Amino acid sequence: QVQLVESGGGLVQPGGSLRLSCAASGSIFGINIMGWFRQAPGNQREWVASIASGGSTNYTDSVKGRFTISRDNAKNTMYLQMNSLKPEDTAVYYCNARVRVASSYQAYNYWGQGTQVTVSS
């Protein structure tokens, strides 16, 4: 019905940059809040950043000043620009979206399948 697909992960050296994308498709009437989460091996999934439909953003303290979340509402796509990457940023990154489906106008929470980000020299 609704799918979220992440892309853009990979291996990068410390201090490097990556840009993640999350594209939503399917029976979408509208998308409310969107966000990025990450899960490192042995850890619980943690919230990284979120962006409302109007563009207001929030970040966890550990990524403030290094990561930038953005979205293109016309394309139902969200981005995460990650700069000055550190080894501790290594994790599987998941996108999340609160989507109002076209069939019922009800809002549901959806997750992507995840994309691996590895920061290592």
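The values are calculated or read from the model by the stated rules, or taken from the named source; none is laboratory data. It should be emphasised that the depicted structure is a prediction, and the values quoted were computed from it without experimental measurement. We place every Cβ from the backbone using ideal geometry, glycine too, and count neighbours over all the protein chains shown. Each accessible area value is taken on the protein alone, full model and side chains, heavy atoms only, with ligands, DNA and RNA left out. Shrake-Rupley method; radii C 1.70, N 1.55, O 1.52, S 1.80 Å.
Brief remarks on what is shown
- Enumeration of residues in segment 95-114 that are touching a Phe, Trp or Tyr at 6+ places or on another chain (Cβ under 7 Å) and farther than 19 Å from L20 by Cβ: R100, V101, A102, Y105
- Per the conditions (1) within 22 Å of Q116 (Cβ to Cβ); (2) of a type in the set (G, A, S); (3) without any contact (Cβ under 8 Å) to a residue 60 or more places away in the chain; (4) exposed (fewer than 12 other Cβ atoms within 10 Å of the Cβ), the sole criterion not satisfied by S50 is (4).
- Selection count, segment 43-62, where residues are over 30 Å from S121 (Cβ atoms) and in a loop (DSSP other than H, G, I, E, B): 5
- Residues of segment 63-80 that turn out to be open to solvent by 60 Å² or more (accessible area, probe 1.4 Å) and either outside any loop (DSSP other than H, G, I, E, B) or over 24 Å from Q13 (Cβ atoms) (or both), as a count: 4
- Of the criteria (1) under 16 Å from S17 (Cβ atoms); (2) free of Cβ contacts under 8 Å to residues at least 60 places away in the same chain; (3) surrounded by 17 or more Cβ atoms within 10 Å (Cβ to Cβ), which one V117 fails: (2)
- Top-ranked residue of segment 81-106 - restricted to ones that are of a type in the set (G, A, S) and within 13 Å of the chain's Cα centre (by Cα), ranked as nearest to L11 (Cα to Cα): A91
- Y105 being surrounded by fewer than 12 Cβ atoms within 10 Å (Cβ to Cβ) and not polar (S, T, N, Q): yes
- The set of residues in segment 2-35 that are open to solvent by 40 Å² or more (accessible area, probe 1.4 Å) and assigned to a strand (DSSP E or B) comprises Q3, V5, S7, L11, R19, A23, S25, G26, F29, N32, I33.
- If you go through segment 93-102 and keep only what is surrounded by fewer than 19 Cβ atoms within 10 Å (Cβ to Cβ) and either touching a Pro at 6+ places or on another chain (Cβ under 9 Å) or more than 26 Å from N43 (Cα to Cα) (or both), you end up with R100, V101, A102.
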